[in-house]
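The values are calculated or read from the model by the stated rules, or taken from the named source; none is laboratory data. Just so we're clear, the structure is a prediction, and the values are computed from it rather than from any experiment. Every residue, glycine among them, receives a Cβ derived from its backbone with ideal geometry; neighbour counts consider all protein chains shown.
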Amino acid sequence: MPHVLSRQDSNVAPIARPWLLLVVYLVVTGALYRFVTHLPLGPVATVPASALDRAIPLVPGTVPLYLTYLLVMPALVWLGRGRTWLLPAFFAGALATGLCLVCHLLRPTAVSWPAADSGWIAWLQRIDTPLAASPSGHVALPVAIALVLLALRQRTALLFVAWSALLTATVLTTGQHRIADVAWGGAVGLAAGAATLALLRAKADLRTAAAALFEWACIVVAIRVAVAFGSWLPYALAALVVATRQHALFILYHDAAHYHLTRRRGLNDFLINLAIGVPGLVPVEFYRPLHLAHHRHLGTGQDPERRFLYHGQPWRFRPLGAAPLARQFLGDLFVLNMVRNMAAFRRAGGQNMRLGRPFHAAAAVWVAIVALLVWACSARTLMLVAALWFVPLLTLSVLLQKIRSMAEHSGGPHATPGWADWTYSWRTGWIGRVLVWPYHINLHLQHHRNPAVPWHALPNAVDDGEPQLASRDLVALLWRGRTMTGRHVPSSGPSAAEAARPAEAADALRTRPLAPLPDPQPRTAEPHRASALPRLPGIQMLRGVAILLVLMQHYLLALPDGTVADRLSLWGGVDLFFAISGFVISRSLLAGRANGRIDAADWRAFWIRRAGRLLPAAWTWLAVGLALGSVLTALGPVDLTAQLRGTAAGAFGYANIFWAGCHADGAAARCGLPQLTSIYWSLSLEEQFYLVLATALLAIRLRTVLVVALAGVVLLNTQPGHAFDLRWFTRIDALVLGAGVYALHRSHASRRVAAWLAARRLVAPAGIVLLALLVGAPSISPGDPLAILALAAAGLVWLATAGERDDDTRRRGRPYAMLDWIGERAYSIYLCHLPVLLVADEILWRTGGLAHAGWPRLAATAIGSLGAIALAATLSYRYLEQPGIRWSKRLTRPATDPT
């Protein structure tokens, strides 16, 4: 078991799961940003443009640099994973972002955008809104990170200083912010960074501080939304949110009672009184003596919980009947039990607490906050805010705390069958953590064994083989009408001696110190499969379907206007290729790896295989296209420089960005012949996806990558899309879903559904429906068909893989064999078909032109060009693809996927 952190060294411990933390950050801030930019809760103040703002020119080319803001936190996590400086830097960045979002929530602001009908600026204005202007989060986030890293003397600080300057410039050159927004954003960033450094110097636990700030952010958002909507349902939901978050704050308050927030006791008490002691009406100076006495006298007659907390109440540390339990809960809900507690405390001689400077300082801050609210809000709003705070505080929050307290301690050793201790330890899920056991308070047994362990280190204090109650048994613990399951889930293997510990040893168990723990054994790299993965015939046939759709689409585009080509759109073939690639690449990288990650050797071998598989054919056909562009005349003169730019974009994997820029600037005609290089946009997008996926799998599991990617896809699909804009050329939807199919297709649920479809002979009808969706998506959703295309493509990939064995090589008739043959050569067909069509168009032009060609001649040309494509693809497959694959096999271990 890992070393258990004390409060002295908690900030120097690296973040255990940084990528999960990043996912939570992106989801929470993304959802709140979406809310404040589309639903302002109040009158919107427009930030005026100063003379200096009007003098700053718009530079459309800086839009991609402006969008690098989205990479700031992922880059921070990537660079800082495993390092001690990541915690304060991430804290500062998240604090700056949170402050900006709360400002936008409480005081909506906007800018007046400059007019832009086309190009990068127009595209940015379509996907964004002018709201959430001041303060600028684009400036606040990198500034806060840069300040903390500079103070910590990290070389990485130089990157974020440069990034801050870059974003400061681009928010102005894109017209998204004004100079005043930049100034306020910089001030927020500096304040967040300075606050982080102050907490570091005070040796405050940043994890606890971050948790308290997060809880307050939830409370502020809930109250603000409820006040804005002004009806009973938002009030009820806000009361529930506020009560659960107050309860969570009291768990952090309990931790601070042990001085875990900071080693400086006065500052510790000031901060926790500021966070919940003063607004929660329970100063920590009152709570701490009672709580420490509870630790000293647990289970005895001197235990304050037994003397005061349940005085005059039905609860006796045993399950209650329905009526007594209802009386207990109603007494907690309507403050009656709280009155009984205080009366018993007074009668027992409880003296008035001595409130020192920490309490008075925290109270002074709250007086200032209340004064600000009185100045800014109407009397009705003040009453609503007060009600939404104090009503949950005195009712629902008290009830939650009492339920949690009942679940913390037993009536004695073996009072609960099979449980030989005074204190419980629970294994719980996320619902239990939100409502009853936030911040690992479910590990109360471990807390009592060593109160010096802060909340975030308690999971490391669970002994191997130590039993834990299942959270489903909470009802049985409280109510006599439900029977305990008796399943005390061990963390590893339960010790017989531990399970049979006699009652007289329970107090020794309860008070024993936590023994030093050995460091975990270093993990050795898991060996990768050395043998080639078996073929998947279903995937190969899907490749054949995909390339046939692409061919049909490009043949239809070659027909004269006014024909069926104007009513059909078969772009879904590309999305089917994307879904196949997402599945196959994930399988190639991770087959045989139970941990869902790869190592550096696998990463290098993967790229050698990709290079051997893709580059010889791609570069050869790019060279052929460049040569054809210089000799063909049917489409007019070709700009050789533009053609070279397009060729370079295809050769080096940025063709999608290149063609998006060409279309955004309305200059596609000046980017070279699209018939020769434009198809490389999809190959470039796939290569970029391979790079991100393979690199991410060095550090995190596939499922974590997919959670982040799916969140990004959902956000992308909330933005308006247009044909041939940046969204069109970066449509990773099907790639991500294809990788998701790989993550799920071996699951039990996936196999059951596949077996159910097969038993009812519904596989073929389901495939036909999905193929119809793939073909008909542009008609079903003319505005933005990308989501339908991606879902249909991923569904087809799942059908082709879920019910089929990897080693299934059966042939099911000549049509399937033909599709398999086409799918085998799909890559070469994709590369060569447009150059062949261009040559066919040249022949038609030289023999009279397309307009004067009759249908027999067009049919003959189509058949001849199809034959030429088949021949060229066969030669390319045999003499370019296969030698490249053999070359890569010689340089690496055997390839994991022959396709």
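Looking at the structure I just gave you, is residue 324 in contact with an Asp or Glu (Cβ under 9 Å, 6 or more places away or on another chain), part of a helix (DSSP H, G or I) and assigned by TED's automatic domain parsing to the domain that holds residue 250?
On the way: in contact with an Asp or Glu (Cβ under 9 Å, 6 or more places away or on another chain): no; part of a helix (DSSP H, G or I): yes; assigned by TED's automatic domain parsing to the domain that holds residue 250: yes.
Spelling it out, it is not the case that residue 324 is in contact with an Asp or Glu (Cβ under 9 Å, 6 or more places away or on another chain), part of a helix (DSSP H, G or I) and assigned by TED's automatic domain parsing to the domain that holds residue 250.
Residues being loosely packed, with under 13 Cβ neighbours inside 10 Å and either of a type in the set (A, V, I, L, M, F, W, C) or over 24 Å from residue 275 (Cα atoms) (or both): count how many of those fall in region 343-360.
5
Based on this model, can you work out whether residue 396 counts as modelled with pLDDT of 90 or more and within 39 Å of the chain's Cα centre (by Cα)? Walk me through how you get there before you give the answer.
On the way: modelled with pLDDT of 90 or more: yes; within 39 Å of the chain's Cα centre (by Cα): yes.
Judged against the criteria, residue 396 is a match.
Taking region 255-267, which residues are surrounded by fewer than 24 Cβ atoms within 10 Å (Cβ to Cβ) and either out of contact with any His (no Cβ under 6 Å at 6 or more places or on another chain) or under 17 Å from residue 365 (Cβ atoms) (or both)? Show your work before the answer.
The initial filter retains those residues of region 255-267 that are surrounded by fewer than 24 Cβ atoms within 10 Å (Cβ to Cβ), namely 257-259, 262-267.
Hits for region 255-267 are 258, 259, 262, 263, 264, 265, 266, 267.
Please tell me if residue 82 is under 25 Å from the mean Cα position of the chain (by Cα), at positive phi, in contact (Cβ under 8 Å) with a residue 24 or more places away in the chain and assigned by TED's automatic domain parsing to the domain that holds residue 43.
On the way: under 25 Å from the mean Cα position of the chain (by Cα): yes; at positive phi: yes; in contact (Cβ under 8 Å) with a residue 24 or more places away in the chain: yes; assigned by TED's automatic domain parsing to the domain that holds residue 43: yes.
Criteria met by residue 82.
If we keep just the residues of region 271-291 that are assigned to a helix (DSSP H, G or I), more than 36 Å from the chain's Cα centre (by Cα) and not acidic (Asp, Glu), which is surrounded by the fewest Cβ atoms within 10 Å (Cβ to Cβ)?
First pass over region 271-291, keeping only residues assigned to a helix (DSSP H, G or I): 271-277, 284-291.
Going one step further and asking which of them are more than 36 Å from the chain's Cα centre (by Cα), we end up with 284-291.
When the remaining residues are screened for being not acidic (Asp, Glu), the result is 284, 286-291.
Working: 284: 27, 286: 18, 287: 19, 288: 19, 289: 14, 290: 17, 291: 18.
So the residue we want is 289.
Here are some residues: 582, 629, 572. Which one is without any contact (Cβ under 8 Å) to a residue 60 or more places away in the chain and of a type in the set (Gly, Ala, Ser)?
Only one candidate passes the filter, namely 629.
Identify, from the list 308, 317, 359, the residue that is aromatic (Phe, Trp, Tyr) and at positive phi.
Details: 308 fails: at positive phi; 359 fails: at positive phi.
None of the other options fit; the residue is 317.
Among the residues of region 172-180, is any touching a helix residue (DSSP H, G or I) at 6+ places or on another chain (Cβ under 8 Å), of a type in the set (D, E, K, R), surrounded by fewer than 17 Cβ atoms within 10 Å (Cβ to Cβ) and over 30 Å from residue 250 (Cα atoms)?
Narrowing region 172-180 to residues touching a helix residue (DSSP H, G or I) at 6+ places or on another chain (Cβ under 8 Å): 172-179.
Next cut, of a type in the set (D, E, K, R) only: 178.
Then drop every residue that is not surrounded by fewer than 17 Cβ atoms within 10 Å (Cβ to Cβ), which leaves none.
Looking through region 172-180, none of the residues is touching a helix residue (DSSP H, G or I) at 6+ places or on another chain (Cβ under 8 Å), of a type in the set (D, E, K, R), surrounded by fewer than 17 Cβ atoms within 10 Å (Cβ to Cβ) and over 30 Å from residue 250 (Cα atoms).
Checking residue 620 against (1) more than 25 Å from residue 797 (Cβ to Cβ); (2) at pLDDT below 90, only one condition comes out false. Which one?
(2)
Check 166, 213 and return the single one that is within 26 Å of the chain's Cα centre (by Cα), surrounded by fewer than 19 Cβ atoms within 10 Å (Cβ to Cβ) and not assigned by TED's automatic domain parsing to the domain that holds residue 52. Walk me through it before giving the result.
Details: 166 fails: not assigned by TED's automatic domain parsing to the domain that holds residue 52.
Being within 26 Å of the chain's Cα centre (by Cα), surrounded by fewer than 19 Cβ atoms within 10 Å (Cβ to Cβ) and not assigned by TED's automatic domain parsing to the domain that holds residue 52 holds for just one of 166, 213, which is 213.
Among the residues of region 778-793, is any touching a Phe, Trp or Tyr at 6+ places or on another chain (Cβ under 6 Å) and modelled with pLDDT of 85 or more? I'd like the intermediate steps shown before the answer.
Residues of region 778-793 that are touching a Phe, Trp or Tyr at 6+ places or on another chain (Cβ under 6 Å), as a first pass: none.
Checking region 778-793: not a single residue is touching a Phe, Trp or Tyr at 6+ places or on another chain (Cβ under 6 Å) and modelled with pLDDT of 85 or more.
How about region 584-602: which of its residues are surrounded by fewer than 16 Cβ atoms within 10 Å (Cβ to Cβ) and part of a helix (DSSP H, G or I)?
Those that are surrounded by fewer than 16 Cβ atoms within 10 Å (Cβ to Cβ) and part of a helix (DSSP H, G or I): 600, 601.
Read through the list (1) crowded, with 17+ Cβ neighbours inside 10 Å; (2) within 29 Å of the chain's Cα centre (by Cα); (3) over 23 Å from residue 415 (Cβ atoms), then give the number of the only condition that residue 429 fails.
Of everything listed in (1) crowded, with 17+ Cβ neighbours inside 10 Å; (2) within 29 Å of the chain's Cα centre (by Cα); (3) over 23 Å from residue 415 (Cβ atoms), residue 429 misses just condition (1).
Looking at region 187-200 only, could you name the residues that are of a type outside the set (A, V, I, L, M) and either at pLDDT below 95 or under 16 Å from residue 160 (Cα atoms) (or both)?
We begin by selecting, within region 187-200, every residue of a type outside the set (A, V, I, L, M); these are 189, 193, 196.
The answer is 189, 193.
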